[in-house]
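Here's the structure, in structure tokens; my notes come after.
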Amino acid sequence: MSQPLPFVIDPAGADRHAEYRALRALGPATPVDVLGLRAWAVSDPALLKSLLMSPDVSKNGRAHYPAFARTIRTWPLALWIEVQSMLTAYGADHRRLRRMVAPALSARRVAELKPTIRSLVTELIDDLATVPPGHVVDLRERLAYPLPIAVIGHLMGVPEEQRDDFRQIVDNVFDSTLTPEQAQANAARLFEVTDQLIAIKRGDPGDDMTSLLIAARDEESGGDGFTDVELRDTMILMINAGYETTVNVIDQAVFAMLTSPEQLDLVRTGRAAWEDVVEETLRAEPAIKYLPLRFAVTDLELPDGQIIAAGDPILAAYGAANRDPDWHGPDADTFDVTRKVKDHLAFGHGVHFCLGAPLARLEVAEALRQLFERFPAMSLAAPAATLRPMPTLISNGHQELPVRLRPLA
Ligand code: HEM
């Protein structure tokens with residue numbers, strides 16, 4: 001009997017909400033086509049959480065995906081499984097690689113960064129204040145991108161002159177409409193620019209995380225350190241995670257506030273906090289819609305009797321899970337900052353839970369607070385329905401976010 005054709009995940013992400021609904025209707029886990037690769041999309045929150053916690057599910061394709069070698073030659077998102085960092089590590093290797101970075105992103109270290117983040121936001125807002133009333137600005141370009149780039153640039157010690165290079169390359173890492181050749185050329189450029197950064201910092205170390213990671217690599221020749229590839233790929237993970245995701249949360253939060261004035265009013269009148277806006281944005285519009293890929297280590301029998309066979313790829317469908325009505329009620333599709341149950345999977349779950357969550361939350365809340373304080377009459381400068389989504393199945397933002405900061409007098 002021939003297999004039913006799997007559901008195709010749209011690489012251009014044209015209508016994510018329809019896609020989430022379709023996936024949930026197909027069941028807790030359903031076969032999908034991700035750019036020609038067959039995987040199980042898991043959209044049921046309980047099942048997804050249990051798979052993310054299971055030692056029988058791995059992110060290490062080298063060890064647990066029989067088609068790994070072929071896939072990294074031909075699949076446009078190959079980089080997502082090819083890199084060798086905590087993102088793709090399993091078991092003891094994962095713990096080793098995560099341990100090297102975790103202290104630098106602890107709640108205490110992030111709290112210490114607060115004054116720096118506050119003044120970076122103020123600088124960007126001061127710059128926005130020079131825009132004449134009535135003029136249209138793209139808030140992604142003027143705030144959503146520059147802030148996380150400055151913060152991760154500061155944390156990692158990325159020189160100013162390298163930041164634009166990284167920006168373009170990182171955008172491409174998330175773009176799922178590139179051909180395999182374009183994606184490979186982009187990956188080669190990413191390796192090159194990251195190697196340059198490591199060389200700069202090796203020659204001239206500073207008080208930054210790159211220098212710390214290099215020291216860990218150079219000092220620990222024995223079992224507990226980094227290989228050269230792991231060092232490079234950890235840098236790549238940090239810069240990618242730090243650049244792209246936070247941008248989209250700022251974008252989606254501002255969009256939600258400008259299109260739901262009653263929600264903005266709840267914050268303005270003290271009935272909700274900016275932190276509530278951040279959490280509801282992460283739930284309703286998670287910056288990572290789908291995360292490629294995980295692999296079954298053994299055959300996995302699901303509660304509905306389906307079997308995910310050993311070696312099968314698994315796609316975490318975070319966007320669909322976050323809007324599940326069994327989890328968030330019949331109004332799961334409504335943006336509601338007063339929601340009692342604030343849980344979501346925007347930062348993942350289990351051993352790979354996002355290390356940057358405290359930093360991202362702080363950045364977005366601070367950006368929103370200062371932006372809406374300074375420009376209380378800000379409005380969207382285009383009909384909401386005309387804003388185009390980024391061409392990606394992974395991340396979740398608009399191509400532009402045109403706003404009028406102040407009306408014409
Ligand atoms: C709002 C912004 C962010 C979102 C929505 C986000 C989301 C995520 C998600 C979903 C994962 C889990 C991936 C998986 O399923 O395995 C993850 C992992 C990770 N994130 Fe974030 N992230 C954000 C910001 C950041 C920032 C600012 C940093 C660093 C400064 C960061 C560093 C990491 C790292 C290192 C991992 C890998 C953890 C591991 O594999 O053990 N993230 N992030």
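If I filter segment 290-312 down to residues being within 10 Å of the ligand (Cβ to nearest atom) and either of a type in the set (A, V, I, L, M) or under 13 Å from the mean Cα position of the chain (by Cα) (or both), which single residue comes out as surrounded by the most Cβ atoms within 10 Å (Cβ to Cβ)?
As a first pass, look at segment 290-312 and keep what is within 10 Å of the ligand (Cβ to nearest atom): 290-294.
With the extra rule that they be either of a type in the set (A, V, I, L, M) or under 13 Å from the mean Cα position of the chain (by Cα) (or both), the set shrinks to 290-293.
Working: Tyr290: 29, Leu291: 20, Pro292: 25, Leu293: 23.
It comes out as Tyr290.
Here is a check on your reading of the model: is Ala69 more than 15 Å from the ligand (Cβ to nearest atom), assigned to a helix (DSSP H, G or I), surrounded by fewer than 19 Cβ atoms within 10 Å (Cβ to Cβ) and aliphatic (A, V, I, L, M)? Yes; evaluated as a whole, the condition is true for this residue.
Of the residues screened, Val351 is one that is part of a helix (DSSP H, G or I), in contact with a Lys or Arg (Cβ under 9 Å, 6 or more places away or on another chain), of a type in the set (A, V, I, L, M) and within 16 Å of the ligand (Cβ to nearest atom).
Residue-wise test of (1) charged (D, E, K, R); (2) in a helix (DSSP H, G or I); (3) touching a helix residue (DSSP H, G or I) at 6+ places or on another chain (Cβ under 6 Å).
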| residue | (1), (2), (3) |
| --- | --- |
| Asp33 | yes, no, no |
| Trp40 | no, no, no |
| Ala46 | no, yes, no |
| Ser50 | no, yes, no |
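Identify all residues within segment 99-116 that are out of contact with any His (no Cβ under 7 Å at 6 or more places or on another chain) and surrounded by fewer than 18 Cβ atoms within 10 Å (Cβ to Cβ); write none if there are none.
Going residue by residue through segment 99-116, those that are out of contact with any His (no Cβ under 7 Å at 6 or more places or on another chain) are 99-115.
If the condition is that a residue be out of contact with any His (no Cβ under 7 Å at 6 or more places or on another chain) and surrounded by fewer than 18 Cβ atoms within 10 Å (Cβ to Cβ), then Arg99, Ala102, Pro103, Ala104, Ser106, Ala107, Arg108, Arg109, Ala111, Glu112, Lys114, Pro115 are the ones that fit.
Considering segment 336-348 alone, what residues qualify as being crowded, with 19+ Cβ neighbours inside 10 Å, under 20 Å from the mean Cα position of the chain (by Cα) and more than 7 Å from the ligand (Cβ to nearest atom)? Once the filter is applied, which keeps residues that are crowded, with 19+ Cβ neighbours inside 10 Å, under 20 Å from the mean Cα position of the chain (by Cα) and more than 7 Å from the ligand (Cβ to nearest atom), segment 336-348 yields His344, Leu345.
So which residues in segment 256-271 are of a type outside the set (S, T, N, Q) and more than 11 Å from Thr338 (Cα to Cα), if there are any at all?
First pass over segment 256-271, keeping only residues of a type outside the set (S, T, N, Q): 256-258, 261-262, 264-268, 270-271.
Result: Ala256, Met257, Leu258, Pro261, Glu262, Leu264, Asp265, Arg268, Gly270.
Gly270 satisfies every condition listed in (1) within 11 Å of the ligand (Cβ to nearest atom); (2) free of Cβ contacts under 8 Å to residues at least 12 places away in the same chain except (1).
For every residue, the table says whether it meets (1) in contact with a helix residue (DSSP H, G or I) (Cβ under 7 Å, 6 or more places away or on another chain); (2) modelled with pLDDT of 95 or more.
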{"site": "Gly91", "(1), (2)": "no, yes"}
{"site": "Ala107", "(1), (2)": "yes, no"}
{"site": "Lys114", "(1), (2)": "yes, yes"}
{"site": "Thr122", "(1), (2)": "yes, yes"}
{"site": "Ala129", "(1), (2)": "yes, yes"}
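The values are calculated or read from the model by the stated rules, or taken from the named source; none is laboratory data. Because the structure is a prediction, the values reported are computed rather than measured. FYI the Cβ positions are ideal-geometry reconstructions off the backbone, even for glycines, and counts take in every protein chain you see.
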